[in-house]
Amino acid sequence: MKIVLIAPVRDEGRKTRDIIRFPMVSLLYIAALTPEKHDVTIVEEEAESVDYSMECDLVAITSMTATAKRSYKISEEFMRRGKTVVLGGIHPTVLPAEAKLHCSAVITGEAEPVWRQVLDDIENGSLQAFYHGGAMANLDDYPLPRRDLVQYTSPLKLEPIVTSRGCPYSCEFCSVWKFFGKRIRHVGVDRVLQDIANTNSKRFMFLDDNIVGDPVYAKALFTALKELNIEWVGQASISFSKNEELLRLAYESGCRGLFFGLESVSEQKMKRMSKSMRTQADTIDAIKRIMAGGILFHASLVFGFDDDDESVFDETLEFLHKTKIPSATFNILTPYPGTDIFEKFKSQNRLITEDWDFYDHCTVTYLPQHMTIDRLYEGYQYVMDNYYSLGSILQRFPASAKRPLLFTMINAGMKNSLKAGKADSRDRLTRLHNIIEDNYRQNASSPARGV
């Protein structure tokens, strides 16, 4: 069979800037599992357009919530042309019945355990509607990703690497633990080294949700990486700062920056979310230790939790200026389907829309508890504008003198992306207001109103 694997974008008109773009590694794993008798082509919309006239027997599309509607559109067009289409990824996993309305078959959970069965069933004319891959497979049972099929890379030649799946935490706003399971599973260190060698690159992004989630494995991995003379970035828990040996090994292995999900600087929320750091003082001390270790600290912060009021914006800026955190990503709480918070807001009738195009980390898709939609959006923009102002960037620079190039690239990139995203965000806010107004009018005209 001729098989096309597709990674769609959310918006055909807005694609990720080349410098921070890297291949969708999940498709490379699927390609590696495909028997050699089949011909495999990968299409990533970030780099090229989908050609609906291409000759193929099977189209497989990976979908996140933000790309769900685009995935459905692509799927429907191929099906209209008589092609078999399979949808997989986190969105079809949490909403399989919805996904099935737009395709021939749905894979829930990890696709690798059932991929070959899907191919056999298609060839035998016995394709099922649903396949469940689960989240229990040994990652060393999978072949390494097909790096030879990579169609593009960023100017930085930053290559994605996966060493583990699974997350032991049960954050209410996250569905990763439901997709990959709560048990951390690893790729053997020797196989990670081989995967790195296959890329012919010296710069990497580890996609693990927590690269130090298993300290014993992390120690073995970092020790092995020391011999490769590479540079890498990744994501970790801030509790990593307590392990001085691991912190040192990470830097020696080439770690130059880490993404940390602080989520909030409020001590009340830190305790409610069971964060490893329960006070601001502990968090500040951890940040200092990580930055003193030569690793750039990139924080992720979320606005819009139910215990957030308008004071959260100035409180966050004060914390960031005090700690001189080199860079940060700011998000509006997004109740993705499959998360506990989605179910909570839905049961409370607080979801404004289930149009997945709005589920993008920067649009208010629910009714906040202690502020208006406009105030949440305006506060979010206020923090970003202030933090990425030229004065703020210059004030934070001396604390990041060990990583001047990385600091400058991230801050310049974030500042530019803010300009590009403002008009789009304002347009989306207007559209949300229209949705609210339409819903109000419908409710007002309902005979059941007031009963």
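The values are calculated or read from the model by the stated rules, or taken from the named source; none is laboratory data. From a predicted model like this one, the values you see are computed outputs, not experimental measurements. Positions of Cβ are backbone-derived with ideal geometry, glycine not excepted, and every protein chain shown enters the neighbour counts.
Checking the stated criteria, VAL212 turns out to be farther than 24 Å from LEU33 by Cβ, in the same structural domain as CYS255 (by TED's automatic domain parsing) and in a loop (DSSP other than H, G, I, E, B). Restricting VAL85, VAL50 to residues that are out of contact with any Gly (no Cβ under 7 Å at 6 or more places or on another chain), buried (at least 18 other Cβ atoms within 10 Å of the Cβ) and outside any loop (DSSP other than H, G, I, E, B) narrows the list to VAL85.
Among the residues of the range 342-374, those that are in contact with a Pro (Cβ under 9 Å, 6 or more places away or on another chain), under 16 Å from VAL302 (Cβ atoms) and crowded, with 20+ Cβ neighbours inside 10 Å comprise PHE342, TYR359, THR365, TYR366. Figure legend. Inter-residue proximity from the range 178-198: first residues in contact (Cβ under 8 Å) with a residue 40 or more places away in the chain, second residues outside any helix (DSSP H, G or I) and of a type in the set (Lys, Arg), beta-carbon distance below 6 Å, spacing 6+ or different chains. Indicated pairs: PHE180/ARG165; ARG185/ARG165. Within the range 197-216, restricting attention to residues that are over 17 Å from the mean Cα position of the chain (by Cα) and closer than 20 Å to ASP141 by Cβ, the residue that is surrounded by the most Cβ atoms within 10 Å (Cβ to Cβ) is ASP214.
Here SER71 meets the list (1) outside any helix (DSSP H, G or I); (2) in contact with a Leu (Cβ under 8 Å, 6 or more places away or on another chain); (3) more than 23 Å from ARG147 (Cβ to Cβ) almost entirely, failing just condition (1). Here ASN411 does not qualify as out of contact with any helix residue (DSSP H, G or I) (no Cβ under 6 Å at 6 or more places or on another chain) and either farther than 23 Å from TRP232 by Cα or modelled with pLDDT of 80 or more (or both). For the subset of the range 61-82 comprising residues that are surrounded by fewer than 22 Cβ atoms within 10 Å (Cβ to Cβ) and small (Gly, Ala, Ser), which member is modelled with the lowest pLDDT? Among them, the one singled out is ALA66.
Just to be sure, is SER71 among the hydroxyl-bearing types (Ser, Thr, Tyr), within 20 Å of the chain's Cα centre (by Cα) and outside the structural domain of THR34 (by TED's automatic domain parsing)? Considered against the rule, which asks whether it is among the hydroxyl-bearing types (Ser, Thr, Tyr), within 20 Å of the chain's Cα centre (by Cα) and outside the structural domain of THR34 (by TED's automatic domain parsing), SER71 comes out as no. Being assigned by TED's automatic domain parsing to the domain that holds ALA47, under 30 Å from LEU406 (Cα atoms), crowded, with 18+ Cβ neighbours inside 10 Å and of a type outside the set (Lys, Arg) is a property that does not hold for ALA105. Set side by side, the residues GLY379, GLY413, GLY391 differ, and just one is surrounded by fewer than 16 Cβ atoms within 10 Å (Cβ to Cβ) and touching a residue at least 60 places away in the same chain (Cβ under 8 Å), which is GLY413.
If you go through the range 17-35 and pick out every residue that is in a loop (DSSP other than H, G, I, E, B) and at pLDDT 95 or above, you end up with 2.
Taking the listed residues ALA60, ALA66, the one that is touching a Phe, Trp or Tyr at 6+ places or on another chain (Cβ under 8 Å) and of a type in the set (A, V, I, L, M) is ALA66, with no other qualifying. One residue is enough: does the range 343-350 have a residue meeting the conditions in contact with a helix residue (DSSP H, G or I) (Cβ under 6 Å, 6 or more places away or on another chain) and either more than 30 Å from ARG256 (Cβ to Cβ) or not assigned by TED's automatic domain parsing to the domain that holds ASN386 (or both)? Among the residues of the range 343-350, not one is in contact with a helix residue (DSSP H, G or I) (Cβ under 6 Å, 6 or more places away or on another chain) and either more than 30 Å from ARG256 (Cβ to Cβ) or not assigned by TED's automatic domain parsing to the domain that holds ASN386 (or both), which makes the answer no. Just one of the numbered conditions (1) in contact (Cβ under 8 Å) with a residue 24 or more places away in the chain; (2) over 26 Å from the mean Cα position of the chain (by Cα); (3) surrounded by fewer than 18 Cβ atoms within 10 Å (Cβ to Cβ) is not true of GLU36; which one? Unmet for GLU36, out of (1) in contact (Cβ under 8 Å) with a residue 24 or more places away in the chain; (2) over 26 Å from the mean Cα position of the chain (by Cα); (3) surrounded by fewer than 18 Cβ atoms within 10 Å (Cβ to Cβ): (1). For residues in the range 394-407 being modelled with pLDDT under 85 and surrounded by 14 or more Cβ atoms within 10 Å (Cβ to Cβ), which is farthest from ILE290 (Cα to Cα)? This residue is LEU406. One residue stands out among those in the range 329-339 that are buried (at least 20 other Cβ atoms within 10 Å of the Cβ) and without any contact (Cβ under 8 Å) to a residue 60 or more places away in the chain: the one that is nearest to SER300 (Cα to Cα), which is PHE330. When restricted to residues that are closer than 20 Å to ILE6 by Cα and in contact with a strand residue (DSSP E or B) (Cβ under 6 Å, 6 or more places away or on another chain), the range 133-151 contains 2.
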